[in-house]
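**Student:** Just passing along the structure, written as structure tokens.
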Amino acid sequence: MTLAVRLTPRAAKDAIQGLAALPGGRTALAVRIAAAPVDGAANAALVALLAKRLGVRKADIAIAAGDTARLKRLAVRGDGAQIASRLDAMLGGD
């Protein structure tokens, strides 16, 4: 499964904010991370937060694109239906 993420580093706390509207009508998961974007700390914190919330191992999440950008594309390995269900629950779906 591939996830588009809009990362905001140096936030007050780690949190998944919901969906962010992107140009061209696209959307991305909006995530705030307390870590600074120094030496990969923000990326590591992003992977740890999503792994915990999606119920997968950190090793099952890889940054496929956007390693140094705020907009990232993540590859998540695992049961797609279960991951989709957890995403839906995080975003307040029924």
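What follows draws every value from the coordinates through simple rules; no lab data is involved. In this text, all values refer to a predicted model and were calculated from it rather than measured experimentally. So basically every Cβ, Gly included, is an ideal-geometry build from the backbone, and we count neighbours across all protein chains shown.
**Student:** Rank these for me by crowding, 39, 60, going from fewest to most other beta carbons within 10 Å.
**Tutor:** Ascending number of Cβ neighbours within 10 Å: 39, 60.
**Student:** Could you compute how fast the chain diffuses translationally, taking Rh as the Kirkwood radius over C-alpha pairs and applying Stokes-Einstein at 10 °C with viscosity 1.306 mPa s? Give it in µm² per second.
**Tutor:** Approximately 119 µm²/s, per Stokes-Einstein.
**Student:** Which order do peptides 43-56, 10-23, 65-78 fall in by mean Cβ count within 10 Å, highest first?
**Tutor:** 43-56, 65-78, 10-23
**Student:** Something else about it: Please give the Cα centre distance for the range 55-94 versus the range 8-44, rounded to the nearest Å.
**Tutor:** Each part's Cα centre sits 13 Å from the other's.
**Student:** Further question: What nm distance separates the two modelled labels at residue 65 and residue 91, each placed 7 Å from Cα along Cα→Cβ?
**Tutor:** Label-label distance for residue 65 and residue 91, simple model: 1.8 nm.
**Student:** I want the antiparallel fraction of DSSP beta bridges within the range 2-90, as a percent rounded to 5. The partial results should precede the final answer.
**Tutor:** Details: 15 of 19 bridges.
Antiparallel bridges make up about 80 percent of those DSSP assigns within the range 2-90.
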